[in-house]
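Scroll down for the structure; my scribbles are underneath it.
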Amino acid sequence: MRLPGRLSAAIDVLADIETRKRPVAEALKSWGLANRFAGAGDRAAIGNLVYDALRRRASHAYAMGADTPRGLVLSVAVREWGETPQGLNEAFENGTFAPAPLTEDEIARLRAEDHLAGASDHVRADMPEWVDASLTEAWGEDWIAEAQAMADRPPLDLRANTLKASRDKVLKDLRRFNPVEAAVAHNGVRIPAGRGDSRTPNVQTDEGYLKGWFEVQDQGSQIVAELAGAKPGEQVLDLCAGAGGKTLAMAAQMRNKGQIFAYDSDRARLAPIYDRLKRAGARNVQVRAPGPEALADLIGKMDRVVIDAPCTGSGTWRRRPDAKWKLTPDQVAARVAEQRVILAEAVPFVKPGGALIYITCSILPEENSRQAAEFLATHPDFVAIPGHSLWHSHFSGAKARARFSPEGGVALTPHSTGTDGFYVIVIMRNA
């Protein structure tokens, strides 16, 4: 397929997403099944157009004067992919399955030097208007720049599994993809995001992945797992283990010594962990399936209880930009209430002198600093390790620095640390 056909397909996929209210991945898969003539390169390019349009939906819509699939895709093609209005029109005239020629209004808007003149802050930030106050609370005067970074394409991050391989070994194994060392995470490997129609490599078919040498894991997730501080010989409860990303990272940190109890209230979320543990060679993990007495024998015995809390996932909006425009205040409130319950459930497992580690992949203070501050206010026997002290004890020589909040939290963002958005706080129980 040539560019006109790809643009037309992206317009159709965006229209399908809007009309049928379906997830992006599902809409792209459906288009691919219905158009089997499209090659892997075509599908990647179409996916890039769709995701690029959704990441900056507000600013592209403002620039084009309409929030339409056609307007969004045309704006991406010119402002992010380096096409010109004249070049597009020429391609459309000669292209098969091409969109209709540009109108005079579209040409004028695509040529505008300051396409965001007069735009409100939330449009410049490419965020829903209702989150302005929350992001200002989280980031202060930097909130627009922080939010804009949330609209960039994410890199592909990997974690070298030190139970089986060093970071240097992984870098060598994947050298055809031009990987680099992560800026912060000690075992992180990064394949930078491409531009335009570039394809993200499928590293999960690589021999090194199949042998367990590395895991696909955002550098932010790696960092918060390191900050959780699990040490060889400790007893650790991963209370919301899910598919086991942080469980695997902690198992490697502990060098297979001690014990991690991996639990999740949802069996379906927990299901992938078994194969992942086997491939990674993690032998100090005991999976506890959900049940009324699943964790009864662990009460008062844990050195660390890690809560990778269910949250809005707002920190992953670079990867799931459609979720950014669907989130509502009611959904945030529901998550906050759920987190509060899980925090309370975790307390009995923490032994005197032990630690409670609260983690979210969110950028919203309602789920992060406010939630942690409320917990500390109602649990006087717990004290947070100051965020700056926690950070410097692990990453004193790092090339990037996180944000620290008064209650003791550490916040990661694309703008500050080049990662997805994460929050972590380590809270010690008095001995």
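The values are calculated or read from the model by the stated rules, or taken from the named source; none is laboratory data. Keep in mind that what you see is a predicted model, and the values were worked out from it rather than measured. Here Cβ is always computed from backbone atoms with ideal geometry, including for glycine, and neighbour counts include all displayed protein chains.
Suppose the filter is more than 23 Å from G194 (Cβ to Cβ), at pLDDT below 95 and within 25 Å of the chain's Cα centre (by Cα); does R36 pass it?
Numbers: more than 23 Å from G194 (Cβ to Cβ): yes; at pLDDT below 95: yes; within 25 Å of the chain's Cα centre (by Cα): no.
Spelling it out, it is not the case that R36 is more than 23 Å from G194 (Cβ to Cβ), at pLDDT below 95 and within 25 Å of the chain's Cα centre (by Cα).
Screening the range 315-338 for residues that are surrounded by 23 or more Cβ atoms within 10 Å (Cβ to Cβ) and within 22 Å of T247 (Cα to Cα) and picking the one that is farthest from the chain's Cα centre (by Cα) gives G315. D330 falls short of the stated requirement of being in contact (Cβ under 8 Å) with a residue 12 or more places away in the chain and assigned by TED's automatic domain parsing to the domain that holds R304. Condition check for G212 on (1) touching a residue at least 60 places away in the same chain (Cβ under 8 Å); (2) surrounded by 18 or more Cβ atoms within 10 Å (Cβ to Cβ); (3) assigned to a helix (DSSP H, G or I): one failure, at (3). Selection within the range 49-79: residues that are in contact (Cβ under 8 Å) with a residue 40 or more places away in the chain and part of a loop (DSSP other than H, G, I, E, B). The member of this set that is surrounded by the fewest Cβ atoms within 10 Å (Cβ to Cβ) is G65.
Confirm whether G300 is more than 21 Å from I359 (Cβ to Cβ), at pLDDT below 95 and in a loop (DSSP other than H, G, I, E, B). The answer is no for G300. For the range 374-381, the condition holds for at least one residue, the condition being that it is more than 20 Å from P414 (Cβ to Cβ), assigned to a helix (DSSP H, G or I), assigned by TED's automatic domain parsing to the domain that holds I260 and free of Cβ contacts under 8 Å to residues at least 24 places away in the same chain. Taking the listed residues A296, A355, the one that is surrounded by fewer than 18 Cβ atoms within 10 Å (Cβ to Cβ) and among the hydrophobic types (A, V, I, L, M, F, W, C) is A296, with no other qualifying.
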